[in-house]
């Protein structure tokens, strides 16, 4: 990694001060997970993976002062300030904190008997377990990307920011912008464009910083929402069905969730402003070649209109037989009813011969082609589906799947860190390991630049220079996911 040297002490001090924030007063609960809390910290003999995609550099020293990266350089070239807390990180790597761009706080409500036929889909707020798991997994910033309980999400953000509870930095997305036909009664259904504008303005006033359009929104409603949000400097993303990707790009949407697998514009039975019945049934997509001119034209349009795509390969993987690998840490975090539901559905998928594997491959190819064409790919996890994706663990698995999709480990880490920070408008202070940026970084045993699976070996997570014990956070929520 290129060394960054402050040649003018005054400019350096001003740069550090511009990022440093007043340290919150930690509650006893938050303190119980903190293992490093000092105004000066020196990380020595560590491998630095800076998030830019540049090659890793070994045997580095990183000095953190008041929550900000003060210096980075080869061991011996950086002076360690007197009184600094020194951590010898031989055999460890550091990466920027992950920026989760599809990281909800809700999760499927468990029955203990598997999803009940004919019952509405319902989701519970994991306000206790998920903030801890995100932070434990190295996710220091999240965008909620659709909220079922926006007031709860906003309140949790305040609790985290004040130090009352542990968790990541949160960018709160407003309630879903959904049209008539929602599959869950937990969503408000828009009555038209005026209602969309009203909703957008109301929730911006309440403090949300983005919006997500959903499957049954009409083009008129989506257009009105985008214009209202953009007028106030807020971005709009979408998990769309009634509106195709090409239409959404022309309307000015900023981001699209999930990628090709949810885009219905190739369905010959698609009607304007209507989400086709059974949108998860993909006979058309199964036959569609990603390298075809039709798909490549959509990619070019998205790039031309500067529309980002959020990759959520991790949730598509759960619909592939015997994937992902069963991990004890995931099962232990689940409540018993949630574990029973998850394993029951996983078994059914393993017994079926559905197209999940082929669809996952197509989505991987689409995302790789999108980036090759100049598109901005973001990374998220989406802990919905049938409960197979958990906060934090899912973000790590998502990075591994980006490598399976054809990206190098360094490219995958870049997608999951710098790209998200840049999209959120936080690139000047987050997303890469550079002098003057906030000390949001993850200490990993091993070398994820060579073996991406090492990204699961998180030991410490620094947020604004405070080091949290990953294992303690994980242990604290065992049996909680699905309850709270």
Test result for residue 204, buried (at least 18 other Cβ atoms within 10 Å of the Cβ), under 28 Å from residue 294 (Cα atoms) and either outside the structural domain of residue 157 (by TED's automatic domain parsing) or under 22 Å from the mean Cα position of the chain (by Cα) (or both): no
Are any residues in region 461-484 within 20 Å of residue 47 (Cβ to Cβ) and under 19 Å from the mean Cα position of the chain (by Cα), and if so, which ones? 461, 462, 470
Would you check which residues across region 43-89 are within 25 Å of the chain's Cα centre (by Cα) and either in a loop (DSSP other than H, G, I, E, B) or closer than 21 Å to residue 416 by Cβ (or both) and list them? 47, 48, 49, 50, 51, 52, 53, 54, 55, 56, 67, 69
Considering only region 22-35, I want to know if a residue exists there that is at pLDDT 95 or above, assigned to a strand (DSSP E or B) and under 24 Å from residue 445 (Cα atoms). yes
All-but-one check, residue 97 against (1) at pLDDT 95 or above; (2) closer than 30 Å to residue 337 by Cα; (3) in contact with a helix residue (DSSP H, G or I) (Cβ under 8 Å, 6 or more places away or on another chain), failing number (2)
If I filter region 353-364 for residues that are touching a strand residue (DSSP E or B) at 6+ places or on another chain (Cβ under 9 Å), closer than 21 Å to residue 100 by Cα and surrounded by 24 or more Cβ atoms within 10 Å (Cβ to Cβ), do I get at least one hit? yes
Would you mind stating whether residue 363 is at negative phi and in contact with a helix residue (DSSP H, G or I) (Cβ under 7 Å, 6 or more places away or on another chain)? yes
Just a yes or no: is a residue in region 403-426 under 26 Å from residue 35 (Cβ atoms), surrounded by fewer than 24 Cβ atoms within 10 Å (Cβ to Cβ) and touching a helix residue (DSSP H, G or I) at 6+ places or on another chain (Cβ under 8 Å)? no
Is region 276-286 home to any residue that is under 24 Å from the mean Cα position of the chain (by Cα) and part of a helix (DSSP H, G or I)? no
If you check 221, 265, 250, 257, which single one turns out to be in contact with a strand residue (DSSP E or B) (Cβ under 8 Å, 6 or more places away or on another chain) and either surrounded by fewer than 19 Cβ atoms within 10 Å (Cβ to Cβ) or over 20 Å from residue 194 (Cα atoms) (or both)? 257
Conditions (1) more than 23 Å from the chain's Cα centre (by Cα); (2) in contact (Cβ under 8 Å) with a residue 40 or more places away in the chain; (3) crowded, with 16+ Cβ neighbours inside 10 Å -> residue 383 fails only (1)
If you take the residues in region 89-112 that are in contact with a strand residue (DSSP E or B) (Cβ under 9 Å, 6 or more places away or on another chain) and more than 25 Å from residue 410 (Cβ to Cβ), which one is surrounded by the fewest Cβ atoms within 10 Å (Cβ to Cβ)? 109
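The values are calculated or read from the model by the stated rules, or taken from the named source; none is laboratory data. Since we're looking at a predicted model, the values are computed, not measured. In this analysis, Cβ positions are derived from the backbone assuming ideal geometry, glycine residues included, and neighbour counts consider all displayed protein chains.
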